[in-house]
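Visitor: Please see the structure below; I have some questions.
The values are calculated or read from the model by the stated rules, or taken from the named source; none is laboratory data. Here the structure is a predicted model, which means the values were calculated and not measured. Every residue, glycine among them, receives a Cβ derived from its backbone with ideal geometry; neighbour counts consider all protein chains shown. Heads up: the accessible areas ignore ligands, DNA and RNA and are worked out on the full protein's heavy atoms, side chains in. Shrake-Rupley method; radii C 1.70, N 1.55, O 1.52, S 1.80 Å.
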Amino acid sequence: MASTLSRLQFGRLHGLRAKLLRRYEHQPLVSCLAGLYGCQWRRYERSGAQPGDCCCNKIGILVSLTFSIVATAVLSDLWSKEWTTLLLSFQITAPYLHVGGVLLMTALAWPIALHFFRMNSRVRRSLIIGVYLTVLFALYLVPLGLYSPCIKEEGTLGPAPALIGHRGAPMLAPENTLMSFEKAVEAGSGGLETDVTISFDGVPFLMHDRTLRRTTNIQEVFPNRSDTSAAMFTWAELESLNAGSWFLSHNPFGTAGSLGAEDRLRAGNQSICSLQAFLQLAAQTDKLVIFDLYRPPRGHPYRDTWIQRTLEVIQNESSIHSSQHKIEAFLHMLRFQVLWLPSDLRALVQEIDPELKQTSGSRLPLEELKSNHIVKLNLHYSSMSTELISEYAAVNITTNLYVISQPWLYSLAWCTGVHSVATNAPQILSTMSSPLFLMSPDEYNLMWILIDLVSLVLIFIIFIFHWWRERGLAFCSGSKIMLDNNGTYSKYKTEMSDIWSVSSSISQAEKTPSLSTNVCL
C-alpha cells in the first residue's frame, strides 16, 4: 500500500513538471503581440511563421508610418504650447517615469526570453539580447543624470508661491467682475490680476477681449455693434450690459453647476466692473494688483492719453483712501504693480509717477531690467526654470508665472522657487500644504536601488525558467541537439508520427492516470 501511494505521489509530481514544461500560448499576451506585429488578430489563429519572423504587409507598415509622421507634424503645430507642458510634466514625474520604465522592461523579459531560447539564428539571438540589455541598463543608470526640482534636501523648500487671481476666480464667478475678485479674496489670493481698457468717454473698465461678444449680452442689447471694439462704447452703454449670464449658460470651466442658488443668482446679474471699483476692493482687502493696459483703437478720444487717464483714476482713488491725501500712501498700502507691455511707454510712466513699481512681460537682459527699474517679471509658465528664477532673484527681481491652475504645475513652480503665480483656481491651490511628488534625495536613491535590484532578480529568474523549460521540452520531445562548428545549437524536430504519438499519450494520460507513466508533456 505504501509503495502504491509513493508511486501515486511520484506520478502527480511528474504531471506537475509536465505542466510546467508544456508550451502554453500565453494567449492574452501572444494575441496582442501577434495582432500588432504579425497581422493576426484571430484569437486562436496559428501560422507556420517561426518566432522572430515578420508577416506584416510592407504596404501596411508604410501607410502606418506615413500616417504617424503626418499626425505628429499636425499635432506639433496645433499643440506647440502643450508640448512645453508635456516636457514640464516629465520634470516633476521623472522619478516615477523611471520606475515605470524599469517595470515595463521587467515585464518584457518574459516574451523576450521566450523568443531568445527558441531562435535558431545566433545573430538574431545576439541582436535581441543586446538591444534589450542596452536599454535595460541605460534605464538602471538614468537616475545618475536625472533632474527633478521636487527632489530636494529637507529644509531647502521655499515658501509656497503667492496666488494672484487671474481675472479674479473665473471658476467660481464670471471673469473680471466684482464677484469674481471677491471670490478670489475669499479663496486666499494674495493678489488680483485683470485687464484694463478705456471707454469712449474716458472711464477705465475691466475687459480682456477686444469685443464684448464673449462675456456680455451685447448681441441682445446692441445687435448691430457686437463686433465693435469694447473701447468704443460709453460707460453708460457698458453699464447697461449683463456680464454674468454667459457664465451660467456657457459654463467655461464646468464649475457653474457647483454654485449655490444664491451665488447663481448673483453671478447671473453681474455687470462690467470699472477700474475704480476694482481698486477700492483691492485697497479694502490690502491685495497686490497687476493689470494689463490696452491702448484704445484709432479714432478713440483717449488714443494718445490712455496712460495719463488711467493714472488719474489711480491718483483720485489714492486721495480718497489715503489719510494724508498722498498718492504714495495709497500705493504703499496697495503694494501696487502695473504691467506695462509697450516698452517704449515705460519711461513716460516713470516720469508721471515714479512710485509705481514696474513689471515686465518679457525676459530681458539684467542690465536693461535694472535701467527700467523692473522689480517683477510676469512670464508664461513655459519659462519656468530654477536657474532663471535664481538669476533674477539675485538682483531682487521676483517672478510671477501665468496661468497655473493644476496642482502638479503649481507644485513644480513651488519646487522651482517661483514667487507668485496667476491662477484660475485659487480655491484649489490654496488648500495645498506641500508640493506633490516631493521627496528627498535619500528617499529617491533608496527607491531607485530597490527597484533596480528587484527588477534584476526577476529578470534573472525569468531567463533561468525559460532556459530550464526549453531544455526540458527539447529533451522530452525527442529532439537531437548537436553542437556545430560555429558553437551554435541546432534543433531538429521530430517526425509528425512522433508528435501524434506523444499527443495520444498525453490524451491517454489525462483520461487514465498511470502510476508508472514516463511520458514528458
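Visitor: Collect the residues in the range 448-491 that are among the aromatic types (Phe, Trp, Tyr) and either in a strand (DSSP E or B) or modelled with pLDDT of 65 or more (or both), keeping them in residue-number order.
Guide: 448, 460, 463, 465, 467, 468, 489
Visitor: Then there's this: From the list 149, 159, which residue is touching a helix residue (DSSP H, G or I) at 6+ places or on another chain (Cβ under 9 Å), open to solvent by 70 Å² or more (accessible area, probe 1.4 Å) and within 30 Å of residue 427 (Cβ to Cβ)?
Guide: 159
Visitor: Quickly run through the range 406-436 and pick out the residues that are buried (at least 19 other Cβ atoms within 10 Å of the Cβ) and in a loop (DSSP other than H, G, I, E, B).
Guide: The answer is 417, 418, 419, 424, 425, 435.
Visitor: Does any residue in the range 117-138 that is more than 13 Å from residue 105 (Cβ to Cβ) come within less than 7 Å, Cβ to Cβ, of a residue that is surrounded by 13 or more Cβ atoms within 10 Å (Cβ to Cβ) and aliphatic (A, V, I, L, M) six or more places away or on a different chain, and which pairs are these?
Guide: 125/119; 128/112
Visitor: Restricting attention to the range 96-108, does a residue exist that is buried (at least 16 other Cβ atoms within 10 Å of the Cβ) and among the small types (Gly, Ala, Ser)?
Guide: Yes, that holds for at least one residue.
Visitor: Just need a number here: residues in the range 354-378 that are out of contact with any His (no Cβ under 6 Å at 6 or more places or on another chain) and either in a strand (DSSP E or B) or at pLDDT 90 or above (or both).
Guide: The number of residues fulfilling the criteria is 8.
Visitor: Of all the residues that make up the range 248-274, how many are assigned to a loop (DSSP other than H, G, I, E, B), open to solvent by 60 Å² or more (accessible area, probe 1.4 Å) and in contact (Cβ under 8 Å) with a residue 40 or more places away in the chain?
Guide: 2
Visitor: Right, here's the next one. Output yes when any residue across the range 218-226 is open to solvent by 50 Å² or more (accessible area, probe 1.4 Å), in contact (Cβ under 8 Å) with a residue 12 or more places away in the chain and β-branched (Val, Ile, Thr), and no when none is.
Guide: Yes: one or more hits.
Visitor: Report yes if some residue within the range 166-177 is in contact with a helix residue (DSSP H, G or I) (Cβ under 6 Å, 6 or more places away or on another chain) and not in a loop (DSSP other than H, G, I, E, B); otherwise report no.
Guide: No, there is no match, as no residue in the range 166-177 is in contact with a helix residue (DSSP H, G or I) (Cβ under 6 Å, 6 or more places away or on another chain) and not in a loop (DSSP other than H, G, I, E, B).
Visitor: Look at residue 305 and say whether it is of a type in the set (Val, Ile, Thr), open to solvent by 30 Å² or more (accessible area, probe 1.4 Å) and at pLDDT 85 or above.
Guide: Values: of a type in the set (Val, Ile, Thr): yes; open to solvent by 30 Å² or more (accessible area, probe 1.4 Å): yes; at pLDDT 85 or above: yes.
It is true that residue 305 is of a type in the set (Val, Ile, Thr), open to solvent by 30 Å² or more (accessible area, probe 1.4 Å) and at pLDDT 85 or above.
Visitor: Further question: If I filter the range 379-394 for residues that are open to solvent by 10 Å² or more (accessible area, probe 1.4 Å), farther than 20 Å from residue 150 by Cβ, charged (D, E, K, R) and not in a strand (DSSP E or B), do I get at least one hit?
Guide: Yes - at least one qualifying residue is present in the range 379-394.
Visitor: Let me ask another. For residue 141, only one of the following conditions fails: (1) touching an Asp or Glu at 6+ places or on another chain (Cβ under 6 Å); (2) free of Cβ contacts under 8 Å to residues at least 12 places away in the same chain; (3) of a type in the set (A, V, I, L, M). What is its number?
Guide: The number of the failed condition is (1).
Visitor: While we're here: Determine which member of the set 65, 144 is modelled with pLDDT of 85 or more, open to solvent by 80 Å² or more (accessible area, probe 1.4 Å) and not in a loop (DSSP other than H, G, I, E, B). It would help to see each step written out before you state the result.
Guide: Numbers: 65 fails: modelled with pLDDT of 85 or more.
Result of the check over 65, 144: 144.
Visitor: Right, next: Scan the range 376-405 and report the pairs whose first residue is at positive phi and whose second residue is open to solvent by 20 Å² or more (accessible area, probe 1.4 Å), with Cβ atoms within less than 8 Å and a gap of 6+ or a chain change.
Guide: 396/375
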